[in-house]
Amino acid sequence: MKLNPLAMMRTEPDGSGIVFDPENNRALTLNRTGVLIWQLLEKEMPVTAIAAELEKQFTVSLAQAEADVTAFTAGLQEKGLLSES
């Protein structure tokens, strides 16, 4: 999966983040979990590895982490911020 190279994410002091999509002139607010997922997607990590990292850092089950990552990435794809290639 590859993030839209034009989209930019800024981390806020409280750990949340803001993604700006200049193609559509839209902003998306991320919580701390979303920020971590975004940062790991920037490193082109696979969904399974991202879920494993969430499991460690946020003390959730692997199944829940995988569901959360899948939902988050699906939302990014809908908004044109993430592609399969």
Among (1) modelled with pLDDT under 95; (2) loosely packed, with under 13 Cβ neighbours inside 10 Å; (3) outside any loop (DSSP other than H, G, I, E, B) - the single one Leu6 does not satisfy: (3)
Looking only at region 29-85, and only at residues there that are in a strand (DSSP E or B) and at pLDDT below 95, the one that is farthest from Val19 (Cα to Cα): Ser83
Residue in region 9-22 that is surrounded by 15 or more Cβ atoms within 10 Å (Cβ to Cβ), hydrophobic (A, V, I, L, M, F, W, C) and part of a helix (DSSP H, G or I) present: no
Residues located in region 23-48, provided they are of a type outside the set (D, E, K, R) and surrounded by fewer than 13 Cβ atoms within 10 Å (Cβ to Cβ): Asn25, Ala27, Thr29, Asn31, Pro46, Thr48
Residue that is touching a residue at least 12 places away in the same chain (Cβ under 8 Å) and within 20 Å of Glu84 (Cα to Cα), where the choices are Glu44, Glu53: Glu44
Top-ranked residue in region 56-85 [being β-branched (Val, Ile, Thr) and in contact (Cβ under 8 Å) with a residue 24 or more places away in the chain; ranked as nearest to Leu3 (Cα to Cα)]: Thr73
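The values are calculated or read from the model by the stated rules, or taken from the named source; none is laboratory data. Bear in mind the structure is a predicted one, so any value in this text is a computation, not a measurement. Ideal geometry is used to build each Cβ from the backbone, glycine not excepted, and the neighbour counts take in all protein chains shown.
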